[in-house]
Amino acid sequence: MDINAAGGSEAGASVEKIAALGDYKASPLFTEAERVALEFADGASATPHDVSEELFARVQAHYDNAQIVELAYIIATENLTSRFNRSFRVEPQGFFCILPPGGVRKPGLR
């Protein structure tokens with residue numbers, strides 16, 4: 001996991017929800033609005049870009065224009081930093097780690 005997981009955790013996402021991101025379409029942990037936002041992120045991040053009219057209409061059903069602009073901005077920013085970091089071989093910094101009950105970090109956990 002990397003800084004994006006750390007940001008999600010700070011925003012209140014559970015460890016289980018972060019772990020389920022890879023299967024967000026089928027996971028019961030996500031609301032329909034969250035699934036649409038994640039699908040929007042997938043489509044906007046694809047090469048070539050893949051946000052169909054149908055997907056955009058589903059996004060509009062859950063979010064107003066200001067929220068869609070914010071989603072698109074966050075997606076674009078994450079793509080920029082991810083591509084920049086990969087180009088320059090910047091490794092994840094380990095900002096996110098799962099803490100056991102009591103908050104004591106066990107060696108080797110990230």
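With the crude spin-label approximation of a point 7 Å out along Cα→Cβ, what separation in nm comes out for A66 versus S45?
So the label points at A66 and S45 sit 2.7 nm apart.
Sort T47, T31 so that the residue with the fewest other Cβ atoms within 10 Å of its own Cβ comes first and the one with the most comes last.
The most exposed by this proxy come first: T47, T31.
So between A26 and A76, what do we pick up on full extension, going 0.36 nm a residue minus the alpha carbon distance?
Stretched out fully, the A26 to A76 stretch lengthens by 15.5 nm.
Order by neighbour count: F40, F56, F30, F88, fewest other Cβ atoms within 10 Å first, most last.
F88, F56, F30, F40
Need the full-extension length gain, S14 to N85, defined as separation in residues times 0.36 nm minus the C-alpha distance. One decimal, nm.
Working it through step by step, the gained length comes to 23.0 nm.
How large is the dipole of the stretch 28-73 about the Cα centre if only Lys and Arg carry +1 and Asp and Glu carry -1, each at its Cβ, rounded to the nearest 20 debye?
Here the stretch 28-73 has a charge dipole of around 40 debye.
No lab work stands behind these numbers, since they all come straight from the coordinates. Source: prediction; values computed, not measured. With ideal geometry, Cβ positions are generated from the backbone for all residues, glycine too; neighbour counts draw on all protein chains shown.
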